[in-house]
Each structure stands twice: as structure tokens, then as C-alpha cells.
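Quick notes on the structure that follows.
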Amino acid sequence: MYHTIVTLKKGEGRTIKAGGMWIYDNEIASILGDFENGDLVTVHDFDGYFMGYGFLNMNSKIRVRMMSRRKDQVIDEAFLERRVRNAWEYRKTVCDTSCCRVIFGEADFLPGLVVDKFSDVLVVESLALGIDRMKLRILDILKRVLAEDGIVIRGIYERSDAKVREQEGMKRQKGFIGGPFDTKVEIQENGVRYLVNVEDGQKTGFFLDQKYNRLAVQRLCKGKKVLDCFTHTGSFALNAAVAGASSVLGVDASELGCEQARENARLNQVEDRVTFRCADVFELLPELERKGETYDVVILDPPAFTKSRNSIKNAVKGYREINLRGMKLVRDGGYLATCSCSHFMDQELFAKTLREAAHGAHRRLRQVEFRTQACDHPILWAADQSYYLKFYIFQVVEEM
């Protein structure tokens, strides 16, 4: 159907045979036919067996991103509409859709495309050349599907400004798709109100993946003294305050983030119990320890310390250090909520690092629960890149 044929090497393609979505440059034996980067191609195994259709990009180490495994499938408007409808029906079933991730790339079988919904605004991030060509068609379909449920989208903002686009041979870009609008959008999540800056906030403006982890932390915080590290725009800190914490300190290295967090605290009328401090968490935690500070609940929500396998050793050191310091600040019998959002810091390695931190801090951990990303960020088995967030809640007990 698509005349360019990509043939795999013998013994390669194990990932897509298991249900994955990516074919790497070193897995390909040959490419026959005329094509432009971003074109749809047919993928064959080494013996000519049909494997599926995907889009090809010679600029990327991920040479092919799969779109369909069905031989009779045409990648047309009807195909894209089915993908979009399936994604939306899934969200309506599993989560609160007032603010949610509507499309999550490979996990929704639309590789390289992310669309977040903040009330009546969409924010799109396009990270692959093939899907970038389809982006506007997909967004038009999505607006039409949402309108059927009475949701009128007043604006779309593009945040395709991640460095990874350059690895696809694309320029970074951001800006309005369609007419301009106020890019500060008010949302509500878990009973907490936020002003989301979709133009200048990190990633798409707000981290929706921690939605239910923030809710899980609420029940620990009533009447408690709470420390929230890497607070960004105050999401965990505000959940603690709204749940009835006696005092909350939120810390972040970004003054812009702290100012947005203060604005959100005023929005929720909890500014009397929540303070935000602009500081380097790695420097502040030892300082708090020297001063003899302790907390009933410590929350560690750091950025990804590694985005490649090459830097995993340094990332482990960072996670170990930050958790060791955090554990030392938890009073005996208090609670630690800690996470890693790096795909390369897998669950086993993260757990090992936490054990080492507990040993170094002379603390014992009693696991309350283990969680992952919110269900609007589904984990597609065999597509490992869709599983990235690991979140633990522990009771921290001093060694006997």
C-alpha cells in the first residue's frame, strides 16, 4: 500500500514484535523506494513478512514509528478519527476530564503527539516529523469530537519547543494555533484551583501526571507540618494546605515558579499557611538539617535527573542524595512521598536507590503504597517509554 519498503535485519525487531512502537536505525537492513522524511512506509521482517505501517525519518535514531499493524489499513481521515475517538472515550471512562491528557503519543497509537486539555484550552506538543504533518488534522478532529460532548475549545497553544525535536530534524516552535487568547487558564483539580500558564510554564504548562498522587498525599497532611521540595507552581504544597496542613513550606529553584505558586495559594485562600522559598533544594536540605528542623511530611518531586542511559550513574547519585537528606528531615513516624519521572530510572533501580538512601540516613522505611502516573497517561506494555513515573509513599521510622 505504501510503496517504500523498510526491511528489518534478521533477528531484529523484537520490540515491535512484542507490541512496541519504535524501530531503531540499527535494526534496519534496507530501505527500498523513493521517500521524503516523514512519509508513511511499509515494514517487512527480514523474510518479507508484513509487520505494519509507520512513518520514516532518516534524521532520527528512531527510524520508524509504527501507526498500524493491519495490512488493509489506510492511514486516512477516518483512521485518525478512530484513534482520537478511542483516546477520548478512554479518558471519559477512567478519569476527570475537566483537565487531563487527551492524547499520550505512543500509548494512544499516535506516536510523538501529546495533547493536554486545561478546561477549554488545548496545549499540543509534537515531537515526531510524521505526526507533525498530521497535527492540524488531528486537532480539528479532536475539537469536533469534544464539541459532541458540549465542550467548546476556545483556543489551542503549541508547545513543541522541546530540544528532542532537533533530533528529528525539526525546529523548536511555540505559539497559537488559530486565534490568540489569554494564556493563563484557571483549572481545578482535587478541589484545588490553579492558574496554568500554557505559554511559559514548564512542558505544556502543568504536570497532570501527578493528579492522583497529589490526592493520595492529601490524607497524610491534616494538622501536619509539611515540606514540599521542587514544588514548581505549588501543586503538592497546595494539596497539603487544602487538606488542612498546619504549615507548608514549598521550595523551588525558579523564582517564576515560586511566584506562580504564591498566586495559586492566594487563589485557594491558604496563603496564611503556605510559604514558598526560592532555593536550591540540594543546598537547602542540609541547611534545614543543621538547624534541627523536622517535618511530619516531606515530599520530593524532582525533575528527571537523567534523560539518557549515559547519565544514569550521576542520576542515581542525585536521587540517593536528595532522598537521604529528605529522610533525615522526617520526624520519627512521619511520612515521605518521593518519586522519579525519568523513564531510564526504572522501578527496580529507583527502589534500590531508596534502600541505599535509607541505609545512609539510618532510617527504616515502611511502604504505604506505590503508584505510577495518572490513568490519562496510560502505560502501553511493550512500549517502555510510556512508563516513566514511579511514586512511593513511606512511613519513615528511626532505626532501633
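Some observations on this one:
- Selection from 157, 387, 195, by position along the positive dipole direction of the chain (Cβ): 387
- Rounded to the nearest 20, the Cβ-based charge dipole of the chain about its Cα centre (Lys and Arg +1, Asp and Glu -1) stands at 780 debye.
- Backbone geometry of the stretch 393-398 corresponds, through the Karplus equation with coefficients 6.51, -1.76 and 1.60 at θ = phi - 60°, to 3J(HN,Hα) couplings of 10, 10, 8, 9, 10, 5 Hz, x marking Gly and Pro.
- Fully extended contour minus Cα-Cα distance, from residue 200 to residue 309, at 0.36 nm per residue: 36.4 nm
- Above-threshold pairs, the threshold being 31 Å between Cα atoms, out of 211/352; 10/174; 224/291; 10/352; 9/92; 143/203: 10/174; 10/352; 9/92
- C-alpha long axis of helix 255-267 to longest principal axis of the chain, angle in °: 70 degrees
- Tilt relative to the chain, helix 77-94 - C-alpha long axis, 0 to 90 degrees, to 10: 20 degrees
- Computed helical MRE - 222 nm, the chain, DSSP H runs ≥ 4 contributing -39500 (n - 2.57), nearest 500: -9000 deg cm²/dmol
- Shape category assigned to the stretch 64-155 from the gyration tensor of Cα positions, a/c cut at 1.5: prolate
- Selection of trypsin sites (Lys or Arg not before Pro), the stretch 267-338, meeting DSSP coil and at most 12 other Cβ within 10 Å: 291
- Using R0 = 30 Å, the C-beta based FRET efficiency linking residue 181 and residue 254 works out to 0.75.
- Think of the stretch 267-375 as a dipole: +1 on every Lys or Arg Cβ, -1 on every Asp or Glu Cβ, centred on the Cα centre; then among 294, 340, 315, 315 lies furthest on the positive end.
- Basic side chains Lys and Arg get +1 at the Cβ, acidic Asp and Glu get -1 at the Cβ, and with that the dipole of the stretch 1-103 about its Cα centre reaches some 480 debye.
- Folded to 0 to 90 degrees: helix 312-328 orientation relative to the chain principal axis, Cα: 30 degrees
- Virtual spin-label span in nm between residue 347 and residue 219, 7 Å along Cα→Cβ: 2.0 nm
- Each label was represented as a point 7 Å from its Cα along the Cα-to-Cβ direction; for residue 36 and residue 289 these points are 5.8 nm apart.
- Residue of 149, 280, 296 that the Gaussian network model of the chain assigns the largest fluctuation, springs spanning Cα pairs under 10 Å: 149
- Simple spin-label estimate for residue 137 and residue 356 in nanometres, 7 Å along Cα-Cβ: 4.8 nm
- Efficiency of FRET from Cβ geometry, residue 173 and residue 152, R₀ 35 Å, rounded to 0.05: 0.85
- Most to least packed among 102-108, 357-363, 233-239, 260-266 [average Cβ atoms within 10 Å]: 233-239, 102-108, 260-266, 357-363
- Basic side chains Lys and Arg get +1 at the Cβ, acidic Asp and Glu get -1 at the Cβ, and with that the dipole of the stretch 317-385 about its Cα centre reaches some 500 debye.
- Options 204, 326, 239, ranked by Cα towards positive dipole end of the stretch 200-357, top entry (Cβ charges): 326
- Percent accessible area from carbon and sulfur atoms, the stretch 232-362, protein chains only, probe 1.4 Å: 48 percent
- Build a GNM of the chain with springs between Cα atoms under 10 Å apart, and of 115, 270, 251 the one that fluctuates most is 270.
The values are calculated or read from the model by the stated rules, or taken from the named source; none is laboratory data. The model shown is predicted, which means the values in this text are computed figures rather than measured ones. Because the Cβ atoms are built from the backbone with ideal geometry, glycine has one as well, and the counts that use them run over all protein chains shown. To get the accessible areas, we keep the full protein, side chains included, count just its heavy atoms, and leave off ligands, DNA and RNA. Shrake-Rupley method; radii C 1.70, N 1.55, O 1.52, S 1.80 Å.
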